[in-house]
Amino acid sequence: RVDRSSLRTELIPFHLGKAVLDRDPQHDLELLPGDQLTVFSLNDFRTRTAQKPRFVRIEGEVSRAGVYPVGTDVTIDKLISLAGGLTSDAYLFGLELTRAKVREQQTKRITESIDQLEQDYQRHLIDRSRNVLSGDMSLAISPEAAAIHGLIGKLRQAEASGRIVLELDGDIEFAAELPSLTLDDGDTIYIPPTPATIEIVGAVFRQGSFLYSKGAARSYVKKAGPLPTADQRNTYVVRPDGSFARLTRGFELQPGDTIIVPEKVDRQSTIRRLKDWTQVLYQFGLGAAGLHLLEVF
């Protein structure tokens, strides 16, 4: 409000709810010509959590999928109850909970990690170029640098999922067994149907889906046919709940698991080291032979 006599701007705060709903005369002020009324939303300020409205989305194997308004005490199992409960095909071990705030944090951390990785590789390439001992070693630096830049470019294109790993039990059957995690505004829950396959990717001849059956996990790797360059000792499994584990003897697979067989890293480093040491020993042998000849003559 602008005071006409002094032309000074005056700020008059009031409670909109008390003015409109309660008709409180202390807040239901009389407006004058030229007044400017500004109504802020809860998103304009960092207000208390309890004051913010929360809307969450649930999809998949529930009776009534949709968007539901929830309170501050609503957990995952309560939301499933609001959606009419689970269907007979629901696979709770594969439940996906994504959160917008977590996605923002993941995006920030991923960007920082990629920047650090790029700096480390640049220092590594600089050190390698300074320590080149032969021409064939220098020829390998440019292709390696191009491959590293291509890898970093692909990493920068990846998007954060915002998924929260709930660390569920593979035998979970009831919603009451889910963690008591309160939901936040913008959360999305997806409950998939029970899968009938497992996936195998990586250094194998046959990447793809295999029918799930209880048995040794290593048997699936044999079915896919590991490549000679496969690092079977470091094979790991990505679980449907978002976690991962190393594939060990007696590991029990669950439907929807993804087995990843990685490639052996830097397979030529041992050969290069042997070659370098062979040259050193060869030169050492020539030097020793020359000293021996000098002693003879």
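The values are calculated or read from the model by the stated rules, or taken from the named source; none is laboratory data. No experiment lies behind these values; they were computed from the predicted model shown. Cβ atoms come from the backbone with ideal geometry, glycine included; neighbour counts cover every protein chain shown. The protein model used for the area step is the full one, side chains on, heavy atoms only, and it has no ligands, DNA or RNA in it. Shrake-Rupley method; radii C 1.70, N 1.55, O 1.52, S 1.80 Å.
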Selection within region 73-115 - open to solvent by 60 Å² or more (accessible area, probe 1.4 Å), under 18 Å from L166 (Cα atoms) and in a helix (DSSP H, G or I): K78, K101, R103, Q105
Tally of residues being touching a residue at least 60 places away in the same chain (Cβ under 8 Å) and either surrounded by 15 or more Cβ atoms within 10 Å (Cβ to Cβ) or within 15 Å of P192 (Cα to Cα) (or both) across region 55-72: 8
Any chance K52 is out of contact with any Gly (no Cβ under 9 Å at 6 or more places or on another chain), in contact (Cβ under 8 Å) with a residue 60 or more places away in the chain, charged (D, E, K, R) and open to solvent by 50 Å² or more (accessible area, probe 1.4 Å): yes
Top-ranked residue in region 115-161 [being within 30 Å of Q105 (Cβ to Cβ) and of a type in the set (V, I, T); ranked as modelled with the highest pLDDT]: I152
Residue in region 49-63 that is at pLDDT 90 or above and not in a strand (DSSP E or B) present: yes
Single residue of region 153-187 satisfying the filter (under 16 Å from the mean Cα position of the chain (by Cα) and not in a loop (DSSP other than H, G, I, E, B)) that is surrounded by the fewest Cβ atoms within 10 Å (Cβ to Cβ): Q157
The listed residue being open to solvent by 100 Å² or more (accessible area, probe 1.4 Å) and within 29 Å of D185 (Cα to Cα), out of F45, F14: F45
